[in-house]
Amino acid sequence: MQDHIKRDFYANVYKIAVPVTLQSLIMALLALTDQLMVGQLGDVAIASVGMSTKIYGIISVVLAGLAMGVSVYAAQFWGKQDRKSISQILGIGLFCGFILSFLFTLLVYFKPEMCLSMFTTDERIIGDGHIFLEIMALSYVPTMLTMMYSAILRSTTHVKLPMFVSLFTVCLNIILNYLLIYGKFGFPEWGLKGSAVATLISRLVECIVIIGAVYKFRLPGSVDFSNLFGARKPLVSKFFQTTYPIILTELIWVLGETVYAVIYSRMGTAEMTAMTITFPLQGLSIGLLSGLASAGGVMVGNKLGAGEESLALQYAKRFINLGIMISLAVGVIIALAAPLYVSAFNVSDDAHQLGIYLVWVFAAFLWVKVANMIMAGGILNSGGDSKFVFAMESTATWLIGVPSGLLLSFVWKQPIYLVYLVLSLEEVVRFGFGLARIHSKKWIKNLVKDIAA
């Protein structure tokens with residue numbers, strides 16, 4: 001019996017985690033390619049994109065929190081094979097997501113300089129970055145639509161479609177980047193503006209293709225408006241009770257990351273440039289292992305929805321162990337490749353050396369970052385334990401990370417790699433709390449037992 005369960009576990013991990021991982025890697029490779037192309041324009045251009053990306057990060061994590069709430073319920077409803085409730089959950093996500101993304105678009109499009117000035121006082125970065133950010137604001141609504149439909153597809157194990165759509169749009173984005181940044185084959189040479197326009201076009205195409213495919217192949221979520229927006233009151237109420245802590249957790253996390261970005265940027269342009277060139281590598285590495293967190297959330301959620309609680313706990317423990325083992329190996333590879341990676345960027349000598357040190361620190365803490373991603377983002381949320389996750393994340397960030405960063409950088413004037421090292425220690429605190437919660441079994445809940453259609 002145990003052998004059958006083990007085979008079933010790894011078969012489903014392969015089925016779900018591999019396509020999600022490939023999609024995340026594709027998107028991370030896009031970010032890396034973007035950064036390398038823009039990186040040829042110099043330090044200011046790299047820092048401008050880094051600051052603009054931080055602003056997009058605030059918006060995207062709010063939408064990602066909403067999409068995660070959709071995913072949690074969709075996974076459990078799929079365990080009960082309740083397609084009607086899945087469509088209603090999608091409707092709730094689309095309605096809330098449109099309001100949020102539209103408001104963000106208005107703010108960023110009409111006040112880009114104000115948004116950038118929250119992160120940096122460098123007039124060169126604000127001057128170059130505001131045009132990039134203004135264009136990027138127009139992509140928020142289509143990005144939201146893609147996120148919601150992708151959440152439904154992943155939770156119902158239809159993971160290959162988002163992967164193939166991402167592969168297509170990334171190729172499109174890279175081609176458009178080449179044409180519009182450097183002005184090749186008769187296209188205008190727009191520099192940073194060209195990168196933003198390429199990203200906007202790609203996200204519009206991605207949104208249209210993925211929604212069109214959902215309706216063409218009659219996948220979960222392909223329903224008319226009356227079924228999409230006809231959610232029952234108990235479902236809406238329970239959804240928001242679970243989802244608002246997820247959104248708050250994502251906000252708390254990104255606000256903490258924003259404070260860290262402000263700390264790095266105020267330390268100097270070389271320091272900010274060094275940190276910025278590590279972002280694509282961080283995204284690539286986390287993307288490589290994000291499939292495990294997604295698969296964990298889906299598979300554990302499916303088992304909880306089906307009433308198989310003991311099996312859900314077995315799956316949770318296996319996912320944590322698997323994530324740690326793989327991420328330790330990846331961390332070693334990253335550490336060895338750090339000098340070669342940083343050399344790919346056209347930056348100053350100071351930024352080059354600092355970049356290598358920062359990559360080494362990231363590699364050392366990758367295993368604990370991945371374990372926390374699997375526990376908090378995948379397993380605990382799959383059982384609706386979002387309030388505990390919020391308490392754990394906010395405590396680690398605002399009582400340990402932020403005060404440490406401010407003291408080390410502004411009071412004790414430590415180098416950026418030491419600041420980053422101490423900030424990363426908060427991940428160890430999260431790991432301890434998260435692992436204890438997993439073993440307590442208090443997170444195991446069937447959220448859809450009384451509200452299935």
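Derivation of every value follows stated rules applied to the coordinates shown; laboratory data play no part. These figures come from a predicted structure and were not determined experimentally. Positions of Cβ are generated from backbone atoms using ideal geometry, with glycine treated the same way; all protein chains shown enter the neighbour counts.
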XL table 84/449; 303/369; 238/387; 84/233; Cα-Cα > 18 Å flagged, in table order, is 303/369
So the angle from the long Cα axis of helix 426-440 to the longest Cα principal axis of the chain, reported in degrees to the nearest 10, equals 0
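Efficiency by 1/(1 + (r/R0)^6): what FRET value for residue 175 and residue 350, r their Cβ-Cβ distance, R0 = 35 Å, to the nearest 0.05? Before the final figure, lay out the partial values.
On the way: r = 34 Å, r/R0 = 0.97.
Computed FRET efficiency for residue 175 and residue 350 comes out at 0.55.
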With a ≥ b ≥ c from the Cα gyration tensor eigenvalues, square-rooted, and the rule rounded for a/c under 1.5, otherwise prolate when a/b > b/c and oblate otherwise, region 174-219 is prolate
Pseudo-spin-label distance residue 3 to residue 98, built 7 Å along Cα→Cβ, given in nm, is 5.4
The helix 43-79 Cα axis meets the longest alpha-carbon principal axis of the chain at an angle in degrees, between 0 and 90 and rounded to 10, of 0
So residue 219 and residue 111, fully extended at 0.36 nm per residue minus their Cα-Cα distance, gain in nm 35.0 nm
So the angle from the long Cα axis of helix 386-395 to the longest Cα principal axis of the chain, reported in degrees to the nearest 10, equals 30
Per the helix-only model, the chain has a calculated mean residue ellipticity at 222 nm (DSSP H runs of ≥4, -39500 (n - 2.57) each, divided over all residues, rounded to the nearest 500) of -27500 deg cm²/dmol
Answer check: region 226-354, Cα atoms, Kirkwood Rh, Rg/Rh ratio of 1.11
Place a point 7 Å from the Cα of residue 124 in the direction of its beta carbon; the residues of region 43-69 whose amide N falls under 12 Å from it are 43-48
